[in-house]
Each structure stands twice: as structure tokens, then as C-alpha cells.
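A.B. asks: Can you keep this structure in mind? I'll have questions shortly.
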Amino acid sequence: MHEGQDDGGPAEWRSVMIDLSDSSLADLVELTGQDDSALARALRRVTGDGRSGEPIAGFNSAL
């Protein structure tokens, strides 16, 4: 919930947008390492290094 949003309505969810346009695919893969974030999973799918049975939820959002 954002500060000041206490009117009893549902909490608003927002995602963080990050400009990665100056980063190469190799740099991003190296930075994410083996973590389990949506970005790391998406990068593994793009590079063909996906794990067997790895969920694809968040793939489009991460890209």
C-alpha cells in the first residue's frame, strides 16, 4: 500500500521499472546468477538454459 492510501480501498500494487537498455544479455545473465527472480528465469529461457520444470510465470513481465 502506498503512503496516504488509507481510504479503505484495496491496496494498489506497482512494479518497479528498470532501464536495462545499456546492458548486454551476457551482463544480465551474469548479474542474476542462479537466483530465482522472474528476470533470472526469463533470461534462462531466452538463452536456452532453462531448468527442467521451471515455472514460466513472469516471463513476459520480466522482459
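A.B. asks: Condition (residue is modelled with pLDDT under 80 and either assigned to a helix (DSSP H, G or I) or not acidic (D, E) (or both)) applied to the range 21-31: is it met by at least one residue?
C.D. replies: no
A.B. asks: Are any residues in the range 32-60 among the hydrophobic types (A, V, I, L, M, F, W, C) and either modelled with pLDDT of 85 or more or part of a loop (DSSP other than H, G, I, E, B) (or both), and if so, which ones?
C.D. replies: I56, A57
The values are calculated or read from the model by the stated rules, or taken from the named source; none is laboratory data. These numbers were taken from a predicted model, which means no experiment stands behind them.
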